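Reviewing the structure listed below.
The values are calculated or read from the model by the stated rules, or taken from the named source; none is laboratory data. All values derive from a computational prediction rather than experimental measurement. Every residue, glycine among them, receives a Cβ derived from its backbone with ideal geometry; neighbour counts consider all protein chains shown. Please note that ligands, DNA and RNA were not included when accessible areas were found on the heavy atoms of the full protein model with its side chains. Shrake-Rupley method; radii C 1.70, N 1.55, O 1.52, S 1.80 Å.
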Amino acid sequence: EQSLARSRQQLEIGGVTQVIGRLFVEERRNLPQVSQYRAQVRDRRKTLSKIGLALVRVEQHRRELTPLDERVEIEMSGVRNDVADPERIAVVRDEVELLLRNRRELLSEVASMYSSYVRALRDLDVAQRRLLDAADKYKQFLDQNLLWIPSAKPFWIQHVANLGPATLWAASPVSWSNTVGSLREAFKYSPLPFAAATVLLAFLLYSRRALTVRFKALNRKVGHPATDHIGLTIGALGISALRALPIPLMLAVFGWGLTRSPLNTGFTAAVAASLHVVAPFLYNTLLFRILCSENGVMQIHFGWSAEHLPIIRTQLDRLTLVGVPIIFIAVLMFYSPTPAYRESLGRLAFIIAMVIFTGVAHALLHPRTGVAAVYYRTHAANWLSRLRWVWYALGTGSPVLLALASLLGFLYTAATLTGHLIDTFLLFLIIIVINLVVTRWLALAWRRIAWEAEREAREEKPDVASEEYGSDDSALPTISSTALDLEAVDQQTKRLVIAGSILFGVLAAWGLWSEIVPALSILDQVSLWSQTKMIDGVETYALVTLDDLLLALVVAVVTIIAATNLPGLMEIAVLQRITLQPGSRYAINTLLRYVVTTIGVIAVLNIVGWKWSQ
């Protein structure tokens, strides 16, 4: 809290300068690591449970010694059978009484120490929670201001001179040897997680051949109406996800181990941060590389053109083989304890990464020669196709602008925006895959309906069917998976899928960017009116903000889209499997519209403060 107040004062006095920006970057780097404190909280909970069990045992032993005279008599009952001398018995009794009294006092001291230890742990827990709350507020303040403050000097000749020392620091054999030693100590400190990760990695490597065989077996069933179903696609996606996992998993485990090592240094912390960034990026590039491989999911299940898949594979290989090492170096320099290193070699690596991203975006998004050109030509009337040059400008221009910002000194801004842009691009790819899966499921449902109708027609006219197809079901025309006929899907269902994808993408992107863009989080600070709420039996007033109103509008739009288009999805998913009269189908769809509309209206009114009781 004192650091937050001091930083606000420095910003008011010093203004937006490179010195303030560099200071804020260092403050941002020195914030408490939430993951470490969470691990301490888990360890503290285990310790508290052990202490609680020990206290129960101590109290049990103390109760056994109360009253003391009865316990002495119990202990002496066995002595009287062995000792006949009354004087000797009296001496032994005094000694037993003294020992039991001392034991009771010691147990009392142990219970008192345990109680003090519990209070200390609870006080520490409260202090850590306060620390994390203050650190979270400070982090929000830094994130909201660092984007608009230059964090380094503009690139100039002196930064070129620092490339040599930065390279020596990054390639130091001593530092890498210490990193390996820190990793060994981490394995000794936490052997079970490392052992579990090793077992999982060994299993993945051992089962690669079996997964490949299973993947080919799934692909062979694709295309025939009797065997093709959406489970084949889900299984193929799962196998692809497992095949891409070994190397990223190993890097992630190494990064986690370095953060847990008791021999942590500035270099090992930078390596750990680099591995934490590289591991998920590498996993996503490898996953989509496997999906786009020859006879992969994109070609066999989703019917992507075999002409353009090699271009996608080439770009993904470039990101894997060149982009991943460059990103590792850039993050390593950004987390180095010396600002000159990240302003020289770190900035150079960042610019190279932006050049690579620009080339990838050009190959994928160019409206005439890129992979997306096929979609633009086949969907010329689509609003996405009409804005094709906008998408191309955003895809290729964003890395160029970020590289220029880093050259001008906005290094932290460029790095932060790049991370969120990569996450947004991966989100876009995930939405594409989900949309393809849902569309394929709908197309398969319509194919199944058509195939069943043709089968029934064949049974009604056996003579004509035998002449045209033969007597075997396998002679029925097969439907190739490379011809995913989107037009065969009901228009209502298509609109629902597209609207759902867009809504999910907008909300997810909002969640990604609201953390760093103050303009997106300021909506929650604009109060419109108040509403009454019952909290713990007490009536209180709560403000309805502009953020709540926007959420209500989103719910209203979702309600309208769902009420209008859900019957088509209902027909494919449920009603086609049930024998119903047309009137019953109409009644079910009408009731479904009523239910969705009622739920949506109630939700909207609750969000804006108008309760059902009102």
Do you know which of the residues in the stretch 170-181 that are in a helix (DSSP H, G or I) and aliphatic (A, V, I, L, M) is least open to solvent (accessible area, probe 1.4 Å)? Ala170
Scope the stretch 182-199; condition more than 16 Å from Leu251 (Cα to Cα), open to solvent by less than 80 Å² (accessible area, probe 1.4 Å) and in contact (Cβ under 8 Å) with a residue 24 or more places away in the chain; matching residues: Glu185, Ser190
Only one residue in Ser274, Ser207, Ser261 is surrounded by fewer than 21 Cβ atoms within 10 Å (Cβ to Cβ), in contact with a helix residue (DSSP H, G or I) (Cβ under 9 Å, 6 or more places away or on another chain) and within 29 Å of Val180 (Cα to Cα). Which one? Ser207
Filter the stretch 200-246 for residues that are touching a Lys or Arg at 6+ places or on another chain (Cβ under 7 Å), free of Cβ contacts under 8 Å to residues at least 60 places away in the same chain and in a loop (DSSP other than H, G, I, E, B) and give the result. Thr227
For the stretch 70-112, give me the residue count where each residue is without any contact (Cβ under 8 Å) to a residue 24 or more places away in the chain, more than 30 Å from Leu48 (Cα to Cα), not in a loop (DSSP other than H, G, I, E, B) and not aliphatic (A, V, I, L, M). 11
Please verify whether the stretch 356-373 includes one or more residues that are under 21 Å from Val331 (Cα atoms) and open to solvent by 30 Å² or more (accessible area, probe 1.4 Å). yes
Do we have any residue at all in the stretch 142-165 that's closer than 25 Å to Ala403 by Cα and of a type in the set (D, E, K, R)? yes
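Every residue, every condition in (1) farther than 23 Å from Arg448 by Cβ; (2) modelled with pLDDT under 80, yes or no:
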site: Leu551; (1), (2): yes, yes
site: Gln576; (1), (2): no, yes
site: Pro582; (1), (2): no, yes
site: Asn589; (1), (2): no, yes
site: Thr597; (1), (2): yes, no
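Yes/no matrix, rows are residues, columns are (1) under 26 Å from Ala166 (Cβ atoms); (2) hydroxyl-bearing (Ser, Thr, Tyr); (3) out of contact with any Ser or Thr (no Cβ under 8 Å at 6 or more places or on another chain):
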residue: Thr268; (1), (2), (3): yes, yes, no
residue: Ala273; (1), (2), (3): yes, no, yes
residue: Leu282; (1), (2), (3): yes, no, no
residue: Leu286; (1), (2), (3): no, no, no
residue: Val297; (1), (2), (3): no, no, no
residue: Ile300; (1), (2), (3): no, no, no
residue: Ile312; (1), (2), (3): no, no, yes
residue: Arg318; (1), (2), (3): yes, no, yes
Spot the failing condition for Ala252; the list is (1) free of Cβ contacts under 8 Å to residues at least 40 places away in the same chain; (2) hydrophobic (A, V, I, L, M, F, W, C); (3) surrounded by fewer than 14 Cβ atoms within 10 Å (Cβ to Cβ), and only one is missed. (3)
I'm told Ser293 meets every condition in (1) open to solvent by 70 Å² or more (accessible area, probe 1.4 Å); (2) assigned to a loop (DSSP other than H, G, I, E, B); (3) at pLDDT 90 or above except one. Can you identify the failing condition by its number? (1)
